[in-house]
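The values are calculated or read from the model by the stated rules, or taken from the named source; none is laboratory data. It should be emphasised that the depicted structure is a prediction, and the values quoted were computed from it without experimental measurement. Ideal geometry is used to build each Cβ from the backbone, glycine not excepted, and the neighbour counts take in all protein chains shown. Accessible surface is based on the protein model in full, side chains and every heavy atom, while ligands, DNA and RNA are left aside. Shrake-Rupley method; radii C 1.70, N 1.55, O 1.52, S 1.80 Å.
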Amino acid sequence: METCLTDAAMLRAAEIAYRKEVEQEGETSVAPGKRPNGDGNRVLIAERYFTNQQPTSYEYIQNAEDHFIDIGSVVKALKSKSNGTSAFYSTSMRVIGCGAFLSESGHYYWVLFFLPSGNKQSYIPTGQSVVTVRIGLNSGDHTATVAHVKSETDLSPTSFEVAGHFNYDNAIKVAEIVNKERSAKGLKPLIMDSTLTEMAMIRAAEMKGIRKLTHTRLNGESGTTIMYSEFDWSNLGENIACGQTSAAEVMSQWMDSPGHRSNILRGCYMFIGVGECDGYWVQLFARANYKAHALKKSDARTDEVVVQVTIEENGRSKVVKRKRAE
């Protein structure tokens, strides 16, 4: 990892953040891989990083997505891309530069640049800095850092927002299939509780926000901790899935998996909550002395929501904006 190439990646990340935010205000998008002034990324590398290699030798990976808060998630996402795999595993790549820019809206933007060789080995400082970056918009303009102050505090956001859709129709269908499976085994049906379902929806949104299927929440706690405020923590369970397009499909896959099937058919559970947020699915199971608020088929709908996902210890994610379906 080299300083000059990392500096180029940092500036490119700032350009992407600027472009994305002005696009949100209605500005026309530029072609992928192009900088605000129309240049390609190789020009930026050449500006910041002087190497003996010809420009055609440069290879880079650019990720313009936001909401990734750690480099591990970024690397996993980039390796799944066709051009990403070739650069990560190429035996000719010897040098890497990594840039991360945290925008004023609280979103991270990441860039990785790869080169076959280099000659700028030097120390890269740790920590974060408050910067002002001048973005070159006209042909020939150079993007540059014009103010740079070393931060004494952690600049990482304590939360971020996820826009998505809570599909209660799919959730109710999943619960119905669950009770059919339980009935076939002579088990009592589970009560689909509205509070537990809302918790499951939020868990689905948390995973959508980081684009990762995980039983660990952003504050490091297990997924079932979302139920601690209402349910006995000793009898809780969680099933998760991603990418299925229907209640029947996700239930078929859960029933084919011994661990997920065990939760669905566990006799001690009394309540179920189901969440589906844009392809991320969650089942929450609980047993407790609790007065349930059962959902009905008439509650089937799809709500547009914004969920604030908390990162800090003991943080709790919550819906901050909701538009109910007509």
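Looking at segment 301-324, which of the residues that are farther than 17 Å from Ala204 by Cβ and exposed (fewer than 15 other Cβ atoms within 10 Å of the Cβ) is modelled with the highest pLDDT?
Here the residue is Lys323.
Hey, can you tell me all the residues within segment 268-289 that are open to solvent by 50 Å² or more (accessible area, probe 1.4 Å), under 17 Å from Asn235 (Cα atoms) and not hydrophobic (A, V, I, L, M, F, W, C)?
Residues of segment 268-289 that are open to solvent by 50 Å² or more (accessible area, probe 1.4 Å), as a first pass: 270, 278, 287, 289.
Right, trim to under 17 Å from Asn235 (Cα atoms) and you get 270, 287, 289.
Residues satisfying the conditions are Arg287, Asn289.
Identify, from the list Ser298, Ser246, the residue that is exposed (fewer than 14 other Cβ atoms within 10 Å of the Cβ) and touching a residue at least 40 places away in the same chain (Cβ under 8 Å).
On the way: Ser298 fails: touching a residue at least 40 places away in the same chain (Cβ under 8 Å).
One residue alone meets the criteria, Ser246.
I'd like to verify a number: residues in segment 1-55 that are touching a Lys or Arg at 6+ places or on another chain (Cβ under 7 Å) and either modelled with pLDDT under 70 or not aliphatic (A, V, I, L, M) (or both), how many?
Total meeting the criteria: 11.
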